[in-house]
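What follows draws every value from the coordinates through simple rules; no lab data is involved. Everything numeric in this text was worked out from a predicted model, so none of it was measured. Every residue, glycine as well, gets a Cβ built from its backbone with ideal geometry; the counts of neighbours run over all protein chains shown.
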Amino acid sequence: MATRESMDTLLQQCEDAIRFAQEQFESGRTQEHYNDVEYSNALQSLEAAYNDITQMAHSANSQQREQLHRMRLQLQQLQNQMIILPH
């Protein structure tokens, strides 16, 4: 079972990645190609968070897996929006 502290840390990292990616997504929508490096970094942070969730799910209990699944869906949704944006 994953510890509460490790779950909280991971979820906080995911929320930080989402926040950063949302900022870059909004910036990308308005500025188009002016922030390519930051935009790419945001996508990479989302991917890293997704991979961390996948690893954590192996040692999580059912309640924690549900929490991780919801976070994974948020990450995927934002990733998809960023990929689809003509940038």
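A compact table of results
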quantity: Residues that are surrounded by 17 or more Cβ atoms within 10 Å (Cβ to Cβ) and either touching an Asp or Glu at 6+ places or on another chain (Cβ under 6 Å) or under 19 Å from Gln64 (Cβ atoms) (or both), drawn from the range 3-28; calculated: Met7, Leu10, Leu11, Cys14, Ala17, Ile18, Gln24
quantity: Test: residue in the range 31-42 that is closer than 30 Å to Gln63 by Cβ, out of contact with any strand residue (DSSP E or B) (no Cβ under 7 Å at 6 or more places or on another chain), surrounded by 15 or more Cβ atoms within 10 Å (Cβ to Cβ) and of a type outside the set (Ser, Thr, Tyr); calculated: yes
quantity: Hits in the range 49-75 (condition: farther than 14 Å from Thr3 by Cα and touching a helix residue (DSSP H, G or I) at 6+ places or on another chain (Cβ under 7 Å)); calculated: Ala49, Tyr50, Asp52, Met71, Arg72, Gln74, Leu75
